[in-house]
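The values are calculated or read from the model by the stated rules, or taken from the named source; none is laboratory data. These figures come from a predicted structure and were not determined experimentally. Neighbour counts run over all protein chains shown; Cβ positions are idealised from the backbone, glycine included.
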């Protein structure tokens, strides 16, 4: 996932069904989708950083430490390569 456009596609596409579920009024389903999205974003962010060679596989658990990903903000969202 070194391509930044694919990365943005992976993180933004799940928001569409979440919006549709929220709009239809299914609050329990929406809450479950938000929880799953938090875990999904951790996996996608880890995979991007791992593919770029910035972190190793043993650092996977650190992705879920609050605000740990902020140190890699530039690498995640702005650097193309």
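Checking residue 66 against (1) assigned to a helix (DSSP H, G or I); (2) loosely packed, with under 11 Cβ neighbours inside 10 Å, which test does it fail?
(1)
Can you say whether residue 34 is under 25 Å from residue 79 (Cα atoms) and either modelled with pLDDT of 95 or more or surrounded by fewer than 11 Cβ atoms within 10 Å (Cβ to Cβ) (or both), as far as the supplied structure shows?
Here the answer is no, as residue 34 does not meet what is asked.
On the given criteria, is residue 70 touching a residue at least 40 places away in the same chain (Cβ under 8 Å) and under 23 Å from residue 5 (Cβ atoms)?
no
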